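> Starting off with a structure, shown below.
The values are calculated or read from the model by the stated rules, or taken from the named source; none is laboratory data. Bear in mind that the values here come from a model prediction, so they are computed numbers and not experimental data. For neighbour counting, all protein chains shown are included, and Cβ atoms are generated from backbone atoms with ideal geometry for every residue, glycine included. Ligands, DNA and RNA are stripped out before the accessible areas are found, and what is left, the full protein with its side chains, is counted by its heavy atoms. Shrake-Rupley method; radii C 1.70, N 1.55, O 1.52, S 1.80 Å.
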Amino acid sequence: MPIGVFAERSGLSPKRLRSYAAAGLLVPAAVDDESGYRYYAPGQLLEARVIDALRRADVPVAEILTLMLDPSARRLDEWERRVELHGVERREALRQARDLLAVGHGSDAPDATADTGQETSMYLNAVTCSDVGRVRERNEDRAVGTDRLLAVADGMGGPPGGDIAASTAVAVVEAAFGGRSLDELAAGVRASNAAVFERALDDRRLEGMGTTLCAVGLTDSGELAVVNVGDSRAYRLREGSLEQLTTDHSLTAELVRQGRLRADEAVDHPERAILTRALGVGPSVDVDRELHAVMAGDRLLLCSDGLWSEVADDDLRRSIESGGDLDSVARAVVDHALAAGGSDNITVVVAEVLA
């Protein structure tokens, strides 16, 4: 049946059907080579209704893809628990916002300027570097590096969506983080997700846009708060050892963790670019969040996949510990990715922890 009839019977708009097909979900049974018209089989109606039900449950498109490839009651149980957890997290985020804005708390409201006696003397010296690469026409990466916050976002959805999603995410999380805690940084990421999602709802041209977001914040207590959604990464170099602080949210990374794919096979896998989690594709998002110890002399690297997909970790380590100034290090790792092919936008934030 043609896409218009299928859309009416499935309850999904033609535009949404096209976006699902682009993401590898609900691919048409046939496409006319001359006209480009899409045709669906009646047997795909059940699949369409499953996808629609999962979207109404706020399951991101990338997560639906994983679920459709491996349907199981266990995965649905996991999502039911996430929905319940997100409700708790949203209430906690609102409580924090109420505290920060001193709404309804009178004289008991916390004083944001008060000295807690726990403020760290450490700070971040950071530089950013970004390149469009050798293949892409536009750079949809965005980054920020301050004395307390580092962040990288890799936009998706094409122009202008990818640009807007990444810029919005970075701007919101930078405005939200004041150095207080990991909770504050994670709340900023959830606020970024809501901002990107609602912007797409307001402008149909931006439907389907999203972004990765990896952020590292230095808290008042002297710890490193790390949050991540997607496959942009954070690394820490300490005493010659390079450690990845984040976990990739991609289909191939999930298959590697399940033992169904070797790490070396994932490098050139045809589905390596499919994310299982992204910012802005749903009204809520599951945020990875961890605290890490930090000490003066540590070097930090945040990057989009345009870097780590081209440059091996050993080469990254050698570049970061070269002893050069941060501007030279950042430019060197970007040039390394360009020399290796530069098949995507390349963005890095390099920082050193100082006291």
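> So how compact is the range 1-75: Cα radius of gyration and Dmax in angstrom?
Expressed in Å, the Cα Rg and Dmax of the range 1-75 come to 12.4, 43.
> Say R0 is 30 Å: what FRET efficiency, to the nearest 0.05, do Asp202 and Val135 get from their beta-carbon distance?
Once rounded, the FRET efficiency stands at 0.45.
> If you add up the charges near Ala253, with Lys and Arg at +1 and Asp and Glu at -1, over every other residue whose beta carbon is less than 14 angstrom from its beta carbon, what do you get?
Local charge sum for Ala253: -3.
> Send over a whole-number figure in Å² for the accessible area per residue of the range 108-227, probe 1.4 Å.
Normalised by residue count, the accessible surface of the range 108-227 is 44 Å².
> Taking θ as phi - 60°, what are the ³J(HN,Hα) couplings along the range 189-203 by the Karplus curve (6.51, -1.76, 1.60), each to the nearest whole Hz, with x for Gly and Pro?
5, 5, 5, 4, 4, 4, 5, 5, 4, 5, 4, 5, 5, 7, 9
> Which whole-number percent gives the relative contact order of the range 215-300, counting Cα pairs below 8 Å spaced six or more residues apart?
So the answer I get is 38 percent.
> On C-alpha positions alone, give me the angle between the axis of helix 161-176 and the longest principal axis of the chain, in degrees, nearest 10.
Between the helix axis and the principal axis of the chain, the angle is about 40 degrees.
> Moving on to the next point. Got a sec to turn the phi values of the range 36-46 into Karplus ³J(HN,Hα) couplings, 6.51 cos²θ - 1.76 cosθ + 1.60 with θ = phi - 60°, whole Hz, x for Gly and Pro?
x, 5, 9, 10, 10, 8, x, x, 7, 5, 4
> Near the amide H of Ser250, under 5 Å away, which other amide H atoms are found, from residues 5 or more places off or on another chain, if H is placed in the peptide plane?
For Ser250, whose amide H was placed from the backbone, the distant partners under 5 Å are Thr276.
> Ok, one more. First check a/c for the chain, with a ≥ b ≥ c the square roots of the eigenvalues of its C-alpha gyration tensor; if it is under 1.5, answer rounded, and if not, answer prolate when a/b is larger than b/c or oblate otherwise.
Oblate.
> Now for a separate question. How far apart, in nm, are two points set 7 Å out from the Cα along the Cα-to-Cβ line at Leu69 and at Ala293?
3.7
> Let me ask you something else. If contacts are Cα pairs under 8 angstrom and at least 6 residues apart, what is the relative contact order of the chain in percent?
With pairs under 8 Å counted, the relative contact order is 19 percent.
> Return the FRET efficiency for the residue pair Asp268, Glu239: r is the Cβ-Cβ distance, R0 is 41 Å, and the value is rounded to the nearest 0.05.
Step by step, r from the Cβ atoms, then E = 0.80.
> Starting from the coordinates of the alpha-carbon atoms of the range 172-249, obtain the Kirkwood hydrodynamic radius over all distinct pairs and give the value in Å to one decimal.
13.8
> Using a Förster radius of 35 Å, what is the FRET efficiency between Leu354 and Val83 based on their Cβ-Cβ separation? Nearest 0.05, please.
Efficiency at R0 = 35 Å is approximately 0.25.
> Assigning unit charges at the beta carbon (Lys, Arg +1; Asp, Glu -1) and nothing else, what dipole magnitude in debye, to the nearest 20, does the chain show about its Cα centre?
1080
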